[in-house]
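Accompanying notes for the structure given below.
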Amino acid sequence: MSVQKELKKITTRTLLDMKQRGEKIAMLTAYDFTFASILDEAGIDVLLVGDSASNVMAGHETTLPITLDQMIYHAQSVVRGINHCLVVVDLPFGSYQGNSKRALESSIRIMKESGAHAVKLEGGSEVSESVRRITSAGIPVMGHLGLTPQSIYKFGTYTVRAKDDDEAEKLRIDARKLEQAGCFAIVLEKIPAKLAMEVSQSLEIPTIGIGAGSGVDGQVLVTHDFLGLNKEFSPRFLRRYLNLHDQILEATRKYSGDVKSLDFPNEKEQY
Ligand code: KIV
């Protein structure tokens with residue numbers, strides 16, 4: 001029996017239980033079948049079909065251009081690759097802001113057409129009505145506070161958020177509001193570690209940090225970043241576990257050289 005068959009399916013309840021017993025949650029992004037299968041087999045708890053697909057898959061500068069249809073396509077591919085992970089899908093920019101009815105319609109499309117298990121949206125009190133509406137339809141919602149990349153043109157920079165007292169206080173209030181509205185977890189992105197720990201301890205639901213220190217209930221990284229596929233992006237919070245960029249470059253140069261020098265294919269590699 002393969003490893004993934006032995007792992008129990010992760011649910012939102014599992015994540016709550018993990019927080020209660022102090023077991024950290026490991027989350028990564030996935031956008032396709034092959035990566036999702038490997039990450040699932042490795043025992044990752046949550047796969048996020050992030051709108052970072054807009055950057056790492058489509059090559060856009062921001063997360064804003066990716067569409068709901070494109071997110072659903074990525075989510076369908078990821079769902080086909082998993083056995084036990086909880087799959088969460090980002091509601092893309094323009095599919096929920098300022099309109100809780102549209103937020104529900106977009107979430108229903110994601111759930112129905114992809115088979116994913118939950119959606120994620122960015123923002124605090126301004127999206128709490130949407131969170132209520134989506135969860136009342138039986139769809140689990142993950143929140144996202146701190147650096148929220150869909151608001152990059154409001155922030156003007158990808159720097160650390162909530163460093164001043166006013167923004168930190170707003171984040172504490174927003175986290176409580178998201179919990180009250182029914183979120184099952186909240187991503188905290190690029191905020192001071194002390195604030196992230198305080199917010200995590202004040203909530204019943206788990207927090208998942210990215211650049212938010214170790215006092216949160218779990219961690220998330222963009223898979224292309226932790227595998228070293230992307231050489232340009234080097235924030236302090238990123239730990240690279242591989243240097244796939246260089247390895248792929250070297251392998252590709254070798255392959256190309258082998259083809260041109262008639263080394264590939266050899267006699268054993270043909271029929
Ligand atoms: O889209 C994404 O990859 C994300 C993570 C950075 C949390 O939202």
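Counting only residues that are away from the ligand (no atom under 16 Å from the Cβ), give me the helices (runs of 4 or more DSSP H) lying completely in segment 10-123 with at least 2 of them.
12-20, 33-41, 68-81, 100-114
Every listed requirement among (1) without any contact (Cβ under 8 Å) to a residue 24 or more places away in the chain; (2) closer than 28 Å to ILE191 by Cβ is met by PRO235 save one, (1). In the set (1) surrounded by fewer than 18 Cβ atoms within 10 Å (Cβ to Cβ); (2) closer than 22 Å to ALA42 by Cα, GLY213 fails one condition alone, (2). Taken together, the residues in segment 133-151 that are surrounded by fewer than 16 Cβ atoms within 10 Å (Cβ to Cβ) and touching a helix residue (DSSP H, G or I) at 6+ places or on another chain (Cβ under 7 Å) amount to 1.
Only one of the listed residues (LYS154, LYS163) is surrounded by fewer than 16 Cβ atoms within 10 Å (Cβ to Cβ), assigned to a loop (DSSP other than H, G, I, E, B) and among the charged types (D, E, K, R). That residue is LYS163. Just one residue in the set TYR153, TYR158 is among the aromatic types (Phe, Trp, Tyr) and within 14 Å of the ligand (Cβ to nearest atom); that residue is TYR158. Is it the case that SER130 is among the polar types (S, T, N, Q), away from the ligand (no atom under 11 Å from the Cβ), open to solvent by less than 40 Å² (accessible area, probe 1.4 Å) and without any contact (Cβ under 8 Å) to a residue 40 or more places away in the chain? So SER130 fits the description; yes. When ASP40, ASP32 are checked against the criterion of being in contact (Cβ under 8 Å) with a residue 40 or more places away in the chain and open to solvent by 20 Å² or more (accessible area, probe 1.4 Å), a single residue qualifies: ASP32. Every condition in (1) within 16 Å of the ligand (Cβ to nearest atom); (2) free of Cβ contacts under 8 Å to residues at least 24 places away in the same chain is met by THR148 except one, and the failing one is (2). Within segment 124-151, no residue satisfies the criterion of being more than 21 Å from VAL199 (Cα to Cα) and part of a strand (DSSP E or B).
The values are calculated or read from the model by the stated rules, or taken from the named source; none is laboratory data. This one's a predicted model, so the numbers in the text were calculated from it and none came from an experiment. Note that we place each Cβ from the backbone using ideal geometry, even for glycine, and neighbour counts take in every protein chain shown. Keep in mind that these areas ignore ligands, DNA and RNA; they rest on the heavy atoms of the full protein, side chains included. Shrake-Rupley method; radii C 1.70, N 1.55, O 1.52, S 1.80 Å.
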